[in-house]
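The values are calculated or read from the model by the stated rules, or taken from the named source; none is laboratory data. Computed from a predicted model, the values in this text were never measured in an experiment. Glycine also receives a Cβ, built like all others from the backbone with ideal geometry; neighbour counts cover every protein chain displayed. Note: accessible area is taken over every heavy atom of the protein model, side chains too, but ligands, DNA and RNA are not part of it. Shrake-Rupley method; radii C 1.70, N 1.55, O 1.52, S 1.80 Å.
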Amino acid sequence: MNFEEFKNCGLRRSLNILSGKWKPLILHNLFEEDRVRFVELWRNMPRVSKKVLAEQLKQLEEDLIIERIEVYNFPPEVYYKLTEKGQKLGPILSELHLWGNELG
């Protein structure tokens, strides 16, 4: 495979979407619940700043992996949930989890 083929490779696109220190943990939290508030995600993720979390969520939203839902209450609430495309990652991430555990 040359570089031109690699640029259009599905594996490269997939890894680009999933790359990011917090994206796997974000997705793990979203697989556990139907929808999760921003504050709940932040509390479940040790040592991540709100700014970095918001950036990673924005990237996943741009890649159509998650959906941002705003509820106009007082105070306003923001939820995130997986899209259909994001839900398809479930079995893949589960297999990666098992594979990682086998490595020791």
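Calculated from the structure at hand, Rg and Dmax of the Cα atoms in Å is found among (i) 15.3, 54; (ii) 16.5, 56; (iii) 21.9, 66 as (i).
Of Ile65, Ile92, Ile17, the residue with the greatest mean-square motion in the GNM of the chain, using alpha carbon springs below 10 Å, is Ile92. Loop-resident trypsin sites (Lys or Arg not before Pro) (DSSP state other than H, G, I, E or B) in the stretch 1-103 with no more than 12 further Cβ atoms inside 10 Å of their Cβ: Lys21, Arg47, Lys88.
Find, among the GluC sites (Glu not before Pro) in the stretch 28-104, those assigned to loop by DSSP (not H, G, I, E, B) with at most 15 other beta-carbon atoms within 10 angstrom.
On the way: sites: Glu32, Glu33, Glu40, Glu55, Glu61, Glu62, Glu67, Glu70, Glu77, Glu84, Glu95, Glu102; in loops: Glu33.
In loop regions of the stretch 28-104 (DSSP not H, G, I, E or B), the sparsely surrounded GluC sites (Glu not before Pro) are Glu33.
Cross-link partners of Lys85 among lysines, defined as those whose alpha carbon lies under 16 angstrom from its own and excluding same-chain residues fewer than eight positions apart: Lys23, Lys58.
In debye, nearest 20, what is the charge dipole magnitude of the chain about its Cα centre with +1 on Lys and Arg Cβ and -1 on Asp and Glu Cβ, if you could check?
Details: 16 positive and 16 negative charges, 75 e Å.
Charge dipole, the chain, about its Cα centre: 360 debye, nearest 20.
Please build a GNM for the chain, connecting alpha carbons under 10 Å apart, and tell me which residue among Pro91, Pro76, Pro46 fluctuates the most. Top of the fluctuation ranking is Pro76.
For the stretch 37-79, the list of chymotrypsin sites (Phe, Trp or Tyr not before Pro) that fall in a loop by DSSP and count at most 15 other C-beta atoms within 10 angstrom reads Tyr72.
Taking Leu57, Leu89, Leu15 as the candidate residues, the one with maximal mean-square fluctuation in a Gaussian network model of the chain, Cα springs under 10 Å, is Leu15. With all protein chains kept in place, the per residue accessible area of the chain amounts to 74 square angstrom at a probe of 1.4 angstrom.
Taking all protein chains in place and a 1.4 Å probe, what share, in percent, of the accessible surface of the chain do carbon and sulfur account for?
On the way: 4110 of 7660 Å².
So the carbon and sulfur contribution to the accessible surface is 54 percent.
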